[in-house]
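Notes follow once the structure below has been shown.
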Amino acid sequence: MRTLVTGGAGFIGSALVRHLVGDLGETVLTIDALTYAGNLESLKAVAGNPRHEFRKADIRDFQAMADAIAEFRPDRILHLAAESHVDRSITGAHAFVSTNVTGTFTLLEAARAYWEELEGDARDRFRFLHVSTDEVYGSLGPEGLFREDTPYDPSSPYSASKAASDHLAKAWHRTYGLPVVVSNCSNNYGPYHFPEKLIPLTILNALDGRELPVYGKGENVRDWLFVEDHVRALDLIARTGRIGETYNVGGGNERRNIEVVRHICTVLDKLVPAPRPREELIRFVADRPGHDARYAIDATKLERELGWRAAESFESGIEKTVRWYLDNEWWWRPLRARYAGDRLGLTVAASGRQEPAG
């Protein structure tokens, strides 16, 4: 199997590349533009492996994508390249629309041009997996789960851009016959996670004895998915998922944000005792605008049709993640020098001043 992975130096993308090359022995071409969250150090485990090739390129560049696809001749394309942080999208939506919408369109066109020239088994074998998020569905109330037929209702510039890219991918299947499959996942966490997101930011701030900001009252609920469980699902969906279908991927681990932060503090206090409980570092801050109340995934279709199950519970996954950050300062310390964990997602007032959102 020859697999092209876009966004392969990012958090989920690099986990996928390490799984495909290291665990499954596949031949992989990784494409990444190496923007702020792209990190070649996340691919260190496959560096020098003859089955892995890295190419720095932007998915918005049609010729670069067409050349890469034509030269590598993949059996499948797994598309993960995206701007992904909600807070950054609030103050800089342009990059999200440009990469997530225009970039996906460009990649779909390059993939279509390649696929239309394939013949026989190669044409039948080809797949394009578009990897997306549960945030496209909007916000849930206290009850219910996101299903594959849940109407889209995005709340942020990030989720709106991903919703648009989902629709493009599905339209390229319906209009042109491109063999597309779509996945929508819940919140990922685990090793190599850029320290702007809740879990890695909490771990590193707590280690440094810094305040632990929690939006609003910390009541927002997310369904947490260990990244290594997710990438196993992506490989399975790309291999055996039905063309034209969507598959939701969730860990079945709903937690309020305040519960997540408190649990991380408990694990750190056990592994690296501090003079006082790290929970005392928690500070509630102004909420972000459009902050969805609750996400929760129904992964029944994926489990029933393809036989996938999440291997990690929230508790086992968090402990693995905390231990990884304790053992791998070489990876995260340079990133902290570039991004120290300051508040993002601020609105810009008419005067140009930044003010807390909400």
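No value in this document is a laboratory result; all are computed from the given coordinates. What you are looking at is a predicted structure, and each value in this text was computed from that prediction instead of being measured. Using ideal geometry, Cβ is built from the backbone for each residue, glycine included, and neighbour counts are taken over all protein chains shown.
Of SER316, SER156, SER84, which has the largest mean-square fluctuation in a 10 Å C-alpha GNM of the chain?
Among SER316, SER156, SER84, the largest GNM mean-square fluctuation belongs to SER316.
Name the long-range amide H neighbours of ARG294: under 5 Å, sequence gap of 5 or more, or other chain; modelled H, no Pro or chain starts.
Excluding prolines and chain starts, which carry no amide H, the hits are LEU140, VAL221.
For all pairs of alpha-carbon atoms in the range 202-342, what percent lies in each bin of width 10 Å, listed from the first bin to the last filled one?
11, 32, 34, 19, 5, 0
So how do 8-20, 269-281, 172-184 stack up, highest first, on mean other-Cβ count within 10 Å?
In descending order of packing, they fall as 8-20, 172-184, 269-281.
Kindly point out which whole DSSP H helices in the chain project their C-alpha atoms 18 angstrom or further along the helix axis while averaging a Kyte-Doolittle hydropathy of 0.0 or above.
Within the chain the helices that satisfy the rule are 227-240, 257-271.
Compute the distribution of all C-alpha to C-alpha distances in the range 133-287, in bins of 10 Å from 0, and list the percent of pairs in each, rounded to whole numbers.
All Cα pairs considered, the percentages come to 10, 32, 32, 17, 7, 1, 0.
What span do the alpha-carbon atoms of the range 30-140 cover on each of the three principal axes, reported in whole Å from largest to smallest?
Computed over the range 30-140, the largest-to-smallest principal extents equal 45, 32, 29 Å.
Can you give me the long-range amide H partners of THR133? Hydrogens built in the peptide plane at 1.01 Å from N, cutoff under 5 Å, separation of 5 or more residues or another chain.
CYS185
Could you calculate the FRET efficiency of ALA122 with TYR36 from 1/(1 + (r/R0)^6), where r is the beta carbon distance between them and R0 is 56 Å, rounded to 0.05?
Efficiency, from the Cβ-Cβ distance: 0.95.
Lysines near LYS217 by alpha-carbon distance under 29 Å, same-chain residues fewer than 8 away left out - which ones?
Within the straight-line cut-off, LYS217 pairs with LYS162, LYS197, LYS270, LYS320.
Which order do the peptides 148-154, 249-255 come out in when sorted by mean C-beta neighbours inside 10 angstrom, highest first?
Peptide ranking by packing, descending: 249-255, 148-154.
Given the DSSP H assignment, sum -39500 (n - 2.57) over each helix run of at least 4 residues in the chain and divide by its residue total; what's the result at 222 nm in deg cm²/dmol, nearest 500?
Theoretical 222 nm ellipticity from helices: -12000 deg cm²/dmol.
Report the antiparallel proportion of the DSSP beta bridges in the chain as a percent, rounded to a multiple of 5.
Rounded to the nearest five, the antiparallel share is 10 percent.
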